[in-house]
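Just so it is clear, none of the values below were taken in a lab; they were calculated from the coordinates. Note that the structure is a prediction, hence the values are computed from the model and not measured. Backbone-built Cβ (ideal geometry, glycine too); neighbour counts: all protein chains shown.
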Amino acid sequence: MISVITATLPDRGRLLAECAATIASQTLQPAAWYVGVDHERNGPAAILNGLAAKVDTPWLFRLDDDDLLEPDHFETLRSEEHTSELQSRGLIS
């Protein structure tokens, strides 16, 4: 499963709402979506490091607040993960 982390700023609510809509429309929903608002302007790295520490899934996906995803994005990632696993075991080429 996958968890998503997003850092944002207080004045980027409209962008975050559009981003949230693409998360909600995923055909494979993430296990969790962690959003951190940088009220103190410490920078995205500080926010993202704090969010990443909360993740307990095998996959972590960083999504910027102004990014939009296709509805099958996470499903495609899962399919690619499965294919890679089968290839590494020599079950397919």
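Each stretch of four or more DSSP H residues adds -39500 (n - 2.57); spread over every residue of the chain, this sum gives -12500 deg cm²/dmol at 222 nm. In this rough spin-label picture, where each label sits 7 Å from Cα along the Cβ direction, the Ala21-Asp72 distance is 2.2 nm.
What angle do you read, to the nearest 10 degrees and between 0 and 90, between the alpha-carbon axis of helix 13-24 and the longest principal axis of the chain? It works out to around 20 degrees. Listed values (i) 50, 25, 17; (ii) 30, 28, 23; (iii) 43, 27, 16 include one computed from this model; for Cα extents along the principal axes in Å that value carries the label (i). Other residues with beta-carbon under 14 Å from the beta-carbon of Ala20 carry, at +1 per Lys or Arg and -1 per Asp or Glu, a net charge of -3. Across the range 62-67, coupling constants 3J(HN,Hα) worked out from phi with the 6.51/-1.76/1.60 Karplus curve, θ = phi - 60°, read 8, 10, 6, 5, 9, 8 Hz, and Gly and Pro carry x.
One chain, two ends: Arg62 and Arg41. Fully extended at 0.36 nm per residue, the span grows by 5.7 nm beyond their Cα-Cα distance. Once the Cα atoms are used to define both axes, helix 73-88 deviates from the longest principal axis of the chain by about 40 degrees. Amide H contacts under 5 Å for Trp59: Ser3, restricted to partners 5 or more places along the chain or on a different chain, H placed in the peptide plane at 1.01 Å from N. Remark: relative contact order (the chain) = 43 percent; criterion is Cα-Cα distance under 8 angstrom and separation of 6 or more residues.
Using a Förster distance of 35 angstrom, determine the FRET efficiency expected from the C-beta separation of Arg12 and Ser88, and round it to 0.05. The pair Arg12/Ser88 has a calculated efficiency of 0.35. Placing unit charges on the Cβ atoms only, positive for Lys and Arg and negative for Asp and Glu, gives the chain a dipole magnitude near 240 debye about its Cα centre. Backbone amide hydrogens, once placed in the peptide plane, bring Gly36 within less than 5 Å of Thr6, Ala7, Thr8, excluding anything fewer than 5 places away on its chain.
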